[in-house]
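Each remark here refers to the structure printed beneath this line.
The values are calculated or read from the model by the stated rules, or taken from the named source; none is laboratory data. Please read all numbers here as calculations on a predicted model, not as lab measurements. Cβ sites come from the backbone with ideal geometry, for glycine too, and all protein chains shown count toward neighbours. These accessible areas exclude ligands, DNA and RNA; they are computed on the full protein's heavy atoms, side chains included. Shrake-Rupley method; radii C 1.70, N 1.55, O 1.52, S 1.80 Å.
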Amino acid sequence: GSLVGQFTIGGMTCAACVNSVEGILRKLDGVKRAVVSLPTSLGEVEYDPLVISKEEIVNAIEDAGFDAAFVQ
Ligand code: 9UX
């Protein structure tokens, strides 16, 4: 089954950043759903842990120039 992970994202300063991060996440194999909030700097991702890990999701965000860390 899928898991839901919540994470903090640093470095988002405008609404286009949100679209960028959501787009990055939604293109990843194993990610089923991704929503990102600018005012809270939080994101939530539903993912298949057999396909992608929390660490791989964080790395994809950081590769795009943002900071990211899972909180649960
Ligand atoms: Mo807005 Mo974000 O001009 O990387 S898109 S700051």
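So, counting K/R as plus one and D/E as minus one, what does the shell of residues with Cβ under 15 Å around Lys32 add up to? Don't skip to the end; give the middle numbers.
Details: positive: Arg26, Lys27, Arg33, Lys54; negative: Glu22, Asp29, Glu44, Glu46, Asp48, Glu56.
For residues surrounding Lys32, the net value is -2.
Taking 8 Å as the Cα distance limit and 6 or more residues as the minimum spacing, I'd like the relative contact order of region 3-70 as a percentage.
On the way: 112 pairs, mean separation 29.3, N = 68.
Computed value for region 3-70: 43 percent relative contact order.
Counting pairs of Cα atoms in the chain, how many percent are more than 16 Å apart?
Numbers: 935 of 2556 pairs.
In whole percent, the long-distance tail amounts to 37.
Tell me, what % of the accessible area of the chain is carbon and sulfur with a 1.4 angstrom probe?
Working: 2070 of 4040 Å².
Answer for the chain is 51 percent, counting heavy atoms of protein chains only.
Please report the accessible area of Lys32 (heavy atoms, 1.4 Å probe, ligands and nucleic acids excluded) in Å², nearest 10.
Spelled out: Lys32, probe radius 1.4 Å, area about 130 Å².
Where does each of Glu55, Glu46 land when they are ordered by accessible area, with a 1.4 Å probe and the largest first? Walk me through the numbers on the way to the answer.
Values: Glu55 115, Glu46 45 Å².
Of Glu55, Glu46, the descending order of accessible area is Glu55, Glu46.
Write down the accessible area per residue of region 3-70 in Å², having rolled a 1.4 Å probe over the full set of protein chains. Working shown, then result.
Working: 3690 Å² over 68 residues.
For region 3-70, the solvent-accessible area averages 54 Å² per residue.
Students sometimes get this wrong: rank Arg33, Arg26 by accessible area, probe 1.4 Å, all chains present, largest first. Could the numbers behind the result be given before it?
Values: Arg33 85, Arg26 130 Å².
Of Arg33, Arg26, the descending order of accessible area is Arg26, Arg33.
Collect residues whose amide H, placed 1.01 Å from N in the peptide plane, falls under 5 Å from the amide H of Arg33; neighbours closer than 5 in sequence don't count.
Those lying under 5 Å, H to H, from Arg33 are Glu46.
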